[in-house]
Amino acid sequence: MATISNIFIDQGANFTTTVTISDSDGDALDLTSYTALAQIRKTYESTTATDFTSTFDADRTTGKITISLTDTQTSGLDAGRYVYDLLITDASSVKTRVVEGIATVNPSVSRS
């Protein structure tokens, strides 16, 4: 079962957060040979999504994945409530949703 973690994204600014994934014993999951996909959508049924950039820690045994959006990507999101998740896939193609939640996009005042 995925961990629930709600996030707040400032429209027009870079966004980054790091997730640490643990195994069933509570130890950091060794993410060697895993891939990751994280997306944000307006609703669960939305056909369009914005992909987060998913970056593994240099030492994949730490269980850490950083997801991020550029300022251009966050500028393209309307202010409001979204849903997001992070899915990892192991070398055997087993997919696991590790984190999910509500993403609130806060409107921007400053514009260049």
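Remarks
- All positions within segment 1-18 that are touching a Lys or Arg at 6+ places or on another chain (Cβ under 7 Å) and in a strand (DSSP E or B): Thr18
- Residue in segment 97-108 that is modelled with pLDDT under 95, charged (D, E, K, R) and either within 28 Å of Leu29 (Cα to Cα) or open to solvent by 80 Å² or more (accessible area, probe 1.4 Å) (or both) present: no
- Apart from one condition, Ala58 fits all of (1) among the hydrophobic types (A, V, I, L, M, F, W, C); (2) open to solvent by 80 Å² or more (accessible area, probe 1.4 Å); (3) closer than 29 Å to Arg111 by Cβ; the exception is (3).
- Residue match in segment 28-50 (condition: surrounded by 14 or more Cβ atoms within 10 Å (Cβ to Cβ), part of a strand (DSSP E or B) and touching a residue at least 60 places away in the same chain (Cβ under 8 Å)): yes
The values are calculated or read from the model by the stated rules, or taken from the named source; none is laboratory data. Quantities reported herein were computed from a predicted structural model and do not represent experimental measurements. We place every Cβ from the backbone using ideal geometry, glycine too, and count neighbours over all the protein chains shown. Surface accessibility is based on the protein's heavy atoms, side chains included, excluding ligands, DNA and RNA. Shrake-Rupley method; radii C 1.70, N 1.55, O 1.52, S 1.80 Å.
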